[in-house]
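The values are calculated or read from the model by the stated rules, or taken from the named source; none is laboratory data. Here the structure is a predicted model, which means the values were calculated and not measured. Cβ placement follows ideal geometry from the backbone for every residue including glycine, while neighbour counts extend to all protein chains displayed.
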Amino acid sequence: MTKDKLDHLEQLVASRFPDLERVRLADALILRLTPANLLATMGQLRDDPEFNFTQMMDLAGVHYPNRKQPLELVYQLLSVHKHHRLRVKVALEEGMPVPSVTPLWWCADWYEREAYEMFGILFSGHPDLRRLLTDYDFEGFPLRKDFPLNGLIEVRYDPTQGRVVRQPIQMVHPDREPYQANLS
């Protein structure tokens, strides 16, 4: 996005959302939201003809274990007609639900399910929040930075029992705390 387009977008966001935190990078504008104002703000970004963010290109979870709010959602919005992009970030505490944006962009269904499964981020109002990529009895959140590199269990065939067995992995890494799965 050109500097002029980015300047115009920043002025527009500042005029419509004066109370929200904005971060300007060399080639992007970031808008920081809270779960409380997420749906209203995203709806305005989609429906206002001046913004016209009709496409949500991506939604990703991020884990910062040393922060007070260790989880973050990052939304990438695109306006095809206005030729501009906006990054929206929402910081979350552990176990804090965030409203689902699937009523605004149906494509968010898959991304929210992935963030739920990989990071443990809960989405209120999601139509079908269930696992996509791991087994239903999988424990933990594999994309969190404190998840063990080798996982929590080993699945292998035991020839003496003649079946597949699951065993906990007992490995300690000197630079990491032991992982405690929080599956509540």
(message) When you scan region 109-131, do you find a residue that is free of Cβ contacts under 8 Å to residues at least 40 places away in the same chain and of a type in the set (Val, Ile, Thr), even just one?
(response) no
(request) Evaluate the following for Arg113: is it in contact with a Leu (Cβ under 6 Å, 6 or more places away or on another chain) and more than 22 Å from Leu29 (Cα to Cα)? (result) yes
(request) Report, by residue number, each residue of region 9-53 that is free of Cβ contacts under 8 Å to residues at least 24 places away in the same chain, assigned to a loop (DSSP other than H, G, I, E, B) and within 26 Å of Met96 (Cα to Cα). (result) Pro18, Asp19, Leu20
(request) Among residues belonging to region 91-114 that are assigned to a loop (DSSP other than H, G, I, E, B) and of a type in the set (Gly, Ala, Ser), point out the one that is surrounded by the fewest Cβ atoms within 10 Å (Cβ to Cβ). (result) Gly95
(message) Of the conditions (1) more than 24 Å from Leu122 (Cα to Cα); (2) outside any loop (DSSP other than H, G, I, E, B); (3) in contact (Cβ under 8 Å) with a residue 24 or more places away in the chain, Lys82 satisfies every one except a single condition; which number is it?
(response) (2)
(message) Restricting to region 122-155, and then to whatever is more than 17 Å from Leu59 (Cα to Cα) and assigned to a strand (DSSP E or B), can you tell me which residue is modelled with the highest pLDDT?
(response) Val155
(request) Confirm whether Gly61 is within 22 Å of Glu114 (Cβ to Cβ) and either touching a strand residue (DSSP E or B) at 6+ places or on another chain (Cβ under 8 Å) or not in a strand (DSSP E or B) (or both). (result) yes
(request) Could you please give the count of residues in region 133-167 that are of a type outside the set (S, T, N, Q) and within 25 Å of the chain's Cα centre (by Cα)? (result) 18
(request) Would you point out the residue of region 16-36, among those that are of a type in the set (A, V, I, L, M) and touching a strand residue (DSSP E or B) at 6+ places or on another chain (Cβ under 7 Å), that is farthest from Leu92 (Cα to Cα)? (result) Ala28
(message) Which of the numbered conditions does Leu6 fail, given that it passes all the others? Conditions: (1) closer than 17 Å to Lys82 by Cα; (2) modelled with pLDDT under 95; (3) surrounded by fewer than 18 Cβ atoms within 10 Å (Cβ to Cβ).
(response) (3)
